[in-house]
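> Quick one: the structure is below, and I'll ask about it shortly.
The values are calculated or read from the model by the stated rules, or taken from the named source; none is laboratory data. Note that the structure is a prediction, hence the values are computed from the model and not measured. Here the Cβ positions follow ideal geometry from the backbone for every residue, glycine too, while neighbour counts run over all protein chains shown. The area values use the complete protein model at the heavy-atom level, side chains included, leaving out ligands, DNA and RNA. Shrake-Rupley method; radii C 1.70, N 1.55, O 1.52, S 1.80 Å.
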Amino acid sequence: MNELLFEIGCEEIPARVVPDVLAHMKERAVKLPESYGLDVSSVEVYGTPRRLALSVQGLSEATKRVKKELSGPPTRIAFDKDGKPTKAAEAFAKTAGLPVEKLTKKETPKGEYLVAEVEEGGESAAVVLERFLTELLTTLPLPKSMRWGAEEVKFSRPVQWLLAVLTTDKGTTTLPVKFGLLAAGAISRGHRFMAPDPFNAARRQDYLEKLRERFVIADPAERKKRVLDEARKAAKEAGGVLFYDPQGAFPPDPLAQQTYFDGLVDEVTFLCETPFGVFGTFAESALDLPREVVLAAMRNHQRYFGVSDERGTLKPAFVTIAASRVKDPALVRRGNERVLKARLSDATYFFVEDQKRALHGRTADLKTVTYHKKIGSSYEKVERVLKLSFVIAEALGEGMAPKPVLEDFLGKTPERHDFWLRLGRAVALSKADLTTLMVGEFPELQGIVGAHYAKGEDPEVITAVRDHYRPRAADDLPAQEKVAAIVAIADKLDTIVGIVAIGQMPSGSSDPFALRRSAIGVLRTLLQHEWRLDWTALVQKALDGFSIKKADDAVAKANAFLADRFLNYLLPEKPGPEADAVRAVVAAGVQRPVEAKWRVTAVQAFAKTPAFTDVAATLKRVINILKEDVTGDVDTALFAAPAEKDLHSATFALADLKRSTLKKPSQAAYEQVLSAVADLRPKVDAFFEAVMVMDKDAAVKANRLRLLRNVAALVRDVADFSKL
Amino acid sequence: MSLTFQEVILTLQDYWTKRGCILGQPIDLECGAGTFNRHTYLRVLGPEPWNVAYVEPSRRPTDGRYGENPNRLHTHHQFQVVLKPSPKDIQNIYLDSLRALGLKPDDHDIRFVEDDWESPTLGAWGLGWEVWSDGMEITQFTYFQQAGGIELKPVSVELTYGLERLSMYLQNVENVYDLVYCKGPDGKVVRYGDVFHQDEVEYSRYNFELADTKMLFALFDQYEAECKRLLVVSEGGPLPAPTAAYDYCLKCSHAFNLLDARRAISVTERQGYILRVRELARICAEGYLAVRERLGFPLLKKPEDYQPWNQVKQVTR
């Protein structure tokens, strides 16, 4: 069986780059039949920080031969008066790779043309693969690439060697692939320190085994398993378990599992060629620091795993994955312990220094912190968020808000806590931790640090300081408590509206202010609490808070952006009736996302009923007739057929029912409305049977259009049925 | 017995000079890192080969801690190596320098951990790693891609050893001031604190409390003007003097660092000052490259073809 082995030997490639590049290499090799005409039976990729490898098996010996006809110039141009071939004929023959005599004439509708019968393909696998690999090397999706030495080529880090061999029944050939000044060979290398000598490899199994003997586990999945084994073993030696190891009995917290376990395992897998677990300890007193700070100090720079008991209480220990086996692991442990000790002592210093000032005193410092140079300071942002939070709370029925003056909430910790005081205080403290040393060192702990420094405040205020950043990721829940959720919505809407107002809408892959995440955050928070707020009204209110020059279409743009995010969030991956329902609802408007979500579910359920197809067809017919705006009331005196009267009174009754049902909107209420509309269908059909809408009499025609408009109005604000 | 602080320096000097490096000297001006030295910042520009190693006392005014912090210093010392073009086997050559210091990969977990380097004030960036020994960063390893906004061809590699940190690690000392600086023949020990502690206390006071901000703002403007003046190209006027101009760019940078430590520059103004220094760094780089080009990139020539000091006519005094 013909087999290709290709390896790019590199200086250490960043961990996050390797998995994506491997996936891309695999995809390209799987497409070899379409893009290069070579058959393939199996493709595997392997990778470590020092190598990206591709193994392709079951390759055909050559590309398929295909006969092809190339058309050339018309014969009248191809030959002169004497019948001798002209320059045009010779040029065509050259392109076709044939002598002129071998060209033939062919009659076509456009006249007689010169054609060439050529056979394409039949290129040997070695030649094709050399081309494939050369192209692959220069087109890998590397997020950041560099040059080195006098090379003109770019790669993630300098390429040290290339191995490119094709093995067939006849033997093994090195493919003359070149990358810059480097030419491919048949040689690979083992672990940097433990087995640096070169060795030959040609077949997949042979390659993997030789690497294994040389302390390289090339298969990422296998290496990841080893990382887990090694880390778990080391945690056990340290007398605990890995923090948020899914094998443990931790309280559910997807964000903690992703942040402190899954993400770390994935990253560490690409920081070594073979993992060696080592545990270390630190002073118990460091555990007086907030848990998140200890974990961040371990994870951020050092990529250490936390060690805890089964419930998540941290132990003064950590696990690191070393990349080499050393003579005396105690030495490695001691070294790592020293580093962590220094980091934790820095964190302790920040913790003590920061708390020499009360948190509420820091809010005024935000006047000198630029939020965005076109928008203003972070202090001004907090002022706007305060206003918007009060607007939201009023809309939620909290009664009359006091004046939203930020200074009023910046005094000493209040003793009495009515709702408005809690909300105002929560906003006033929400960004106060941005100027702390701790957040300077660990920016991802914003909010979490503030909550720790807000000791003594009302518990709801503390929660809001921490949780108004939620959901922090797709895995995280939105803010659960009311005050926190209000601040979360206000903060995020302010961000979105402000950035849109200065004309920096996200586009394509560029979303530097993470507006998309903010929009999803607003949406998920609204849905979680079933708050039927009109977010388009809030956009307008939010925009009013900005004193900067705003783009004219800012409101429209922000609303369109939010509607688009709603669509994106609810749209199922597969196209079909479920997806159509989402689009139809969005087309009808999503002012109140919670209601829109109910409408989506109701329409999706409706689409599953047997009556749906006919109802949808009938409604589409109605909508299609209503091309232009129709005004005025229906005049029953103009009715000519009983079907008209019938439809009119049924529509009237249904409109009434709809109004009363939707007084208390819910998913069930929308389902009820849709099923009543389904019941109306026979009457609409009977109407179309009985009369011509486009009557010669203009008054009659207008009256019938009005009637149909009333029918369409029954569903217009639920979903756009023309999209179904 | 592990190496003293000065033995670490001597070992690295010995190692790198034997591998063809010029033994450079620190620049005789305040500067924040070895990269700011002309030996690096200007020499990485253009096609001429260049290999140099030197110690750079690096001032970071905001990092001063009055001699009270075991790890942080107002002035720390970098051992800087620049090789242009970067040799193919540079990782192994570098690892041998660790072996020379007694750091053996058989005993320690040595790794190259991604670290992208960028200097906003120099308009420079590169890709490379932090080199870790048992989780401790001991060297910054960077392939320079750009300096002064100019694409670098060929690429230089810059190795920066943090001498205090490395020595603390080698000597297993937890407080920088406890480092053994040197040992006399009679066995008398001089410690790092004996040499530098008072400096740290005084400079911390100066940087955070005493520096005259009004003077520094004025100096910044004057230095900036002088730097630009030396780079003006005008017909019939004097030739630009980019090397001297670059001195004033460094002086601006230091004045800015002091003002920053005194918290005299607001967050909003800060970016503006950084951009001003960056602009100076950029025009110095361009000016330097233009002069080297006019000279025909001397280091690309055979040594005997370029010895302007042997062609000087009578020097008038």
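> Can you name the residue in segment B:142-159 that is in contact with a helix residue (DSSP H, G or I) (Cβ under 7 Å, 6 or more places away or on another chain) and under 18 Å from B:N92 (Cβ atoms) and is also nearest to the other protein chains (Cβ to nearest Cβ) among such residues? Give the steps one after another, and end with the answer.
Filtering segment B:142-159 down to residues in contact with a helix residue (DSSP H, G or I) (Cβ under 7 Å, 6 or more places away or on another chain) leaves B:147-150, B:157-159.
Among the residues that remain, those that are also under 18 Å from B:N92 (Cβ atoms) are: B:157-159.
Working: B:V157: 8, B:E158: 12, B:L159: 14 Å.
It comes out as B:V157.
> Suppose we filter segment A:483-512 for residues that are charged (D, E, K, R) and under 20 Å from the mean Cα position of the chain (by Cα); how many remain?
Narrowing segment A:483-512 to residues charged (D, E, K, R): A:491-492, A:494, A:511.
The next check asks that each one be under 20 Å from the mean Cα position of the chain (by Cα); those that pass are A:492, A:511.
Adding up the residues that qualify gives 2.
> Shifting gears a bit: Take segment A:713-724 and flag every residue that is surrounded by fewer than 17 Cβ atoms within 10 Å (Cβ to Cβ), modelled with pLDDT of 90 or more and in a helix (DSSP H, G or I).
Those that are surrounded by fewer than 17 Cβ atoms within 10 Å (Cβ to Cβ), modelled with pLDDT of 90 or more and in a helix (DSSP H, G or I): A:A713, A:R716.
> Being within 15 Å of A:V718 (Cα to Cα), touching a helix residue (DSSP H, G or I) at 6+ places or on another chain (Cβ under 6 Å) and not hydrophobic (A, V, I, L, M, F, W, C) is the filter; apply it to segment A:667-687 and report the residue that is least open to solvent (accessible area, probe 1.4 Å).
Here is the first cut: in segment A:667-687, the ones within 15 Å of A:V718 (Cα to Cα) are A:667-678.
Then drop every residue that is not touching a helix residue (DSSP H, G or I) at 6+ places or on another chain (Cβ under 6 Å), which leaves A:667, A:669-674, A:676-678.
From what's left, not hydrophobic (A, V, I, L, M, F, W, C): A:667, A:670-672.
Details: A:Q667: 68, A:Y670: 13, A:E671: 69, A:Q672: 98 Å².
In this case the residue turns out to be A:Y670.
The rows are residues; the columns are (1) assigned to a loop (DSSP other than H, G, I, E, B); (2) crowded, with 18+ Cβ neighbours inside 10 Å; (3) of a type in the set (G, A, S); (4) within 13 Å of chain B (Cβ to nearest Cβ).
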position	(1), (2), (3), (4)
A:K144	yes, no, no, yes
A:G149	yes, yes, yes, yes
A:E152	yes, no, no, yes
A:R157	yes, yes, no, yes
A:A164	no, yes, yes, no
A:T172	no, no, no, no
A:S188	no, yes, yes, no
A:H191	yes, yes, no, yes
A:A195	yes, no, yes, yes
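> For the subset of segment A:197-220 comprising residues that are open to solvent by less than 20 Å² (accessible area, probe 1.4 Å) and in contact with a helix residue (DSSP H, G or I) (Cβ under 7 Å, 6 or more places away or on another chain), which member is nearest to A:F276 (Cα to Cα)?
A:I217
> Now for a separate question. Kindly list the number of the only condition in (1) in contact (Cβ under 8 Å) with a residue 12 or more places away in the chain; (2) over 22 Å from A:I489 (Cβ atoms) that fails for A:G545.
Status for A:G545: all satisfied but (2).
> Looking at B:E174, is it at the interface with chain A (Cβ under 10 Å from one of its Cβ atoms), open to solvent by 10 Å² or more (accessible area, probe 1.4 Å), touching a residue at least 60 places away in the same chain (Cβ under 8 Å) and out of contact with any Gly (no Cβ under 9 Å at 6 or more places or on another chain)?
Numbers: at the interface with chain A (Cβ under 10 Å from one of its Cβ atoms): yes; open to solvent by 10 Å² or more (accessible area, probe 1.4 Å): yes; touching a residue at least 60 places away in the same chain (Cβ under 8 Å): yes; out of contact with any Gly (no Cβ under 9 Å at 6 or more places or on another chain): yes.
The answer is yes for B:E174.
> Say we look at segment A:1-15 and pick out the residues that are assigned to a strand (DSSP E or B) and open to solvent by less than 10 Å² (accessible area, probe 1.4 Å); which of these is farthest from the other protein chains (Cβ to nearest Cβ)? Working first, answer last.
Narrowing segment A:1-15 to residues assigned to a strand (DSSP E or B): A:2-10.
Narrowing further to those that are open to solvent by less than 10 Å² (accessible area, probe 1.4 Å): A:3-10.
Numbers: A:E3: 30, A:L4: 26, A:L5: 23, A:F6: 21, A:E7: 18, A:I8: 15, A:G9: 12, A:C10: 11 Å.
Checked segment A:1-15; the qualifying residue farthest from the other protein chains (Cβ to nearest Cβ) is A:E3.
> Turning to a different aspect of this structure: Go through segment B:97-135 and give me each residue that's open to solvent by less than 40 Å² (accessible area, probe 1.4 Å), over 21 Å from the mean Cα position of the chain (by Cα) and at the interface with chain A (Cβ under 9 Å from one of its Cβ atoms).
Answer for segment B:97-135, where residues must be open to solvent by less than 40 Å² (accessible area, probe 1.4 Å), over 21 Å from the mean Cα position of the chain (by Cα) and at the interface with chain A (Cβ under 9 Å from one of its Cβ atoms): B:P105, B:D107, B:H108, B:D109, B:I110, B:R111, B:F112, B:V113, B:S133, B:D134, B:G135.
> Oh, and also: If you go through segment A:174-185 one residue at a time, how many are more than 14 Å from chain B (Cβ to nearest Cβ) and either among the hydroxyl-bearing types (S, T, Y) or open to solvent by less than 30 Å² (accessible area, probe 1.4 Å) (or both)? It would help to see each step written out before you state the result.
Here is the first cut: in segment A:174-185, the residues more than 14 Å from chain B (Cβ to nearest Cβ) are A:174-178, A:184-185.
When the remaining residues are screened for being either among the hydroxyl-bearing types (S, T, Y) or open to solvent by less than 30 Å² (accessible area, probe 1.4 Å) (or both), the result is A:174-175, A:177, A:184-185.
Count: 5.
> Just to be sure before I move on: is A:R659 charged (D, E, K, R), in a helix (DSSP H, G or I), out of contact with any His (no Cβ under 9 Å at 6 or more places or on another chain) and farther than 30 Å from A:V691 by Cβ in the structure I sent? Show your work before the answer.
On the way: charged (D, E, K, R): yes; in a helix (DSSP H, G or I): yes; out of contact with any His (no Cβ under 9 Å at 6 or more places or on another chain): yes; farther than 30 Å from A:V691 by Cβ: no.
Taking the combined requirement at face value, the residue does not satisfy it.
> Return yes or no: is A:D633 touching a residue at least 12 places away in the same chain (Cβ under 8 Å) and open to solvent by 70 Å² or more (accessible area, probe 1.4 Å)? Give the steps one after another, and end with the answer.
On the way: touching a residue at least 12 places away in the same chain (Cβ under 8 Å): yes; open to solvent by 70 Å² or more (accessible area, probe 1.4 Å): yes.
Criteria met by A:D633.
> For segment A:282-400, which strands (runs of 3 or more DSSP E) that fit wholly inside it have 1 or more residues that are closer than 27 Å to A:P251 by Cβ, more than 14 Å from chain B (Cβ to nearest Cβ) and open to solvent by less than 10 Å² (accessible area, probe 1.4 Å)?
On the way: elements: A:305-308, A:314-322, A:370-372.
Here the list reads A:305-308, A:314-322.
> Could you list, in sequence order, the residues of segment B:136-168 that are open to solvent by less than 20 Å² (accessible area, probe 1.4 Å) and of a type in the set (D, E, K, R)?
Once the filter is applied, which keeps residues that are open to solvent by less than 20 Å² (accessible area, probe 1.4 Å) and of a type in the set (D, E, K, R), segment B:136-168 yields B:E158, B:E164.
> If A:F279 meets every condition in (1) more than 28 Å from A:P251 (Cβ to Cβ); (2) crowded, with 22+ Cβ neighbours inside 10 Å; (3) more than 10 Å from every other protein chain (Cβ to nearest Cβ) apart from one, which number is that one?
Going through the list (1) more than 28 Å from A:P251 (Cβ to Cβ); (2) crowded, with 22+ Cβ neighbours inside 10 Å; (3) more than 10 Å from every other protein chain (Cβ to nearest Cβ), A:F279 breaks only (1).
> Inside segment A:89-114, can you point out the residues that are of a type in the set (V, I, T) and touching a helix residue (DSSP H, G or I) at 6+ places or on another chain (Cβ under 9 Å)? Before you say what the answer is, go through the steps one by one.
Restricting attention to segment A:89-114, the residues satisfying the condition of being of a type in the set (V, I, T) are A:95, A:100, A:104, A:108.
Residue satisfying the conditions is A:V100 alone.
> While we're here: If we keep just the residues of segment B:48-77 that are crowded, with 17+ Cβ neighbours inside 10 Å and closer than 30 Å to B:P303 by Cβ, which is nearest to the chain's Cα centre (by Cα)?
Among residues in segment B:48-77 that are crowded, with 17+ Cβ neighbours inside 10 Å and closer than 30 Å to B:P303 by Cβ, the one nearest to the chain's Cα centre (by Cα) is B:E56.
> So, in segment A:437-447, exactly how many residues are farther than 17 Å from A:R291 by Cβ and in contact with a Phe, Trp or Tyr (Cβ under 7 Å, 6 or more places away or on another chain)?
Pass one, segment A:437-447, residues farther than 17 Å from A:R291 by Cβ: A:437, A:440, A:443.
From what's left, in contact with a Phe, Trp or Tyr (Cβ under 7 Å, 6 or more places away or on another chain): A:437.
Qualifying residue count for the region: 1.
> Related question: Only one of (1) touching a helix residue (DSSP H, G or I) at 6+ places or on another chain (Cβ under 9 Å); (2) touching a residue at least 40 places away in the same chain (Cβ under 8 Å) is not met by A:Y304, so which one is it?
Single failed check for A:Y304: (2).
> Sticking with this structure for a sec: Could you tell me whether segment A:498-514 includes any residue that is open to solvent by 20 Å² or more (accessible area, probe 1.4 Å) and assigned to a helix (DSSP H, G or I)?
Looking through segment A:498-514, none of the residues is open to solvent by 20 Å² or more (accessible area, probe 1.4 Å) and assigned to a helix (DSSP H, G or I).
> Within segment A:592-625, work out how many residues are surrounded by 18 or more Cβ atoms within 10 Å (Cβ to Cβ) and in a loop (DSSP other than H, G, I, E, B).
Residues meeting the conditions: 1.
> Same structure again: State the number of residues belonging to segment A:133-142 that are part of a loop (DSSP other than H, G, I, E, B), in contact (Cβ under 8 Å) with a residue 24 or more places away in the chain and either more than 14 Å from every other protein chain (Cβ to nearest Cβ) or more than 30 Å from A:G37 (Cα to Cα) (or both).
First, the residues of segment A:133-142 that are part of a loop (DSSP other than H, G, I, E, B): A:139-142.
So of that shortlist, the ones also in contact (Cβ under 8 Å) with a residue 24 or more places away in the chain come out as A:140-142.
From what's left, either more than 14 Å from every other protein chain (Cβ to nearest Cβ) or more than 30 Å from A:G37 (Cα to Cα) (or both): A:140-141.
Final tally of qualifying residues: 2.
> Checking the conditions here, which among A:T413, A:T435 is open to solvent by 30 Å² or more (accessible area, probe 1.4 Å), more than 14 Å from every other protein chain (Cβ to nearest Cβ) and touching a residue at least 40 places away in the same chain (Cβ under 8 Å)? Let's see the steps before the verdict.
Working: A:T435 fails: more than 14 Å from every other protein chain (Cβ to nearest Cβ).
Sole residue among the options that is open to solvent by 30 Å² or more (accessible area, probe 1.4 Å), more than 14 Å from every other protein chain (Cβ to nearest Cβ) and touching a residue at least 40 places away in the same chain (Cβ under 8 Å): A:T413.
> Exactly one of (1) open to solvent by 50 Å² or more (accessible area, probe 1.4 Å); (2) assigned to a strand (DSSP E or B); (3) under 30 Å from A:A29 (Cβ atoms) is unmet by A:E130. Its number?
Every listed condition holds for A:E130 apart from (2).
> Any residue in segment A:480-493 that is farther than 20 Å from A:G450 by Cα, in contact with a helix residue (DSSP H, G or I) (Cβ under 8 Å, 6 or more places away or on another chain) and part of a helix (DSSP H, G or I)? Steps first, please.
Within segment A:480-493, the subset farther than 20 Å from A:G450 by Cα is A:493.
So of that shortlist, the ones also in contact with a helix residue (DSSP H, G or I) (Cβ under 8 Å, 6 or more places away or on another chain) come out as A:493.
Remaining after also requiring part of a helix (DSSP H, G or I): A:493.
Yes, some residue in segment A:480-493 is farther than 20 Å from A:G450 by Cα, in contact with a helix residue (DSSP H, G or I) (Cβ under 8 Å, 6 or more places away or on another chain) and part of a helix (DSSP H, G or I).
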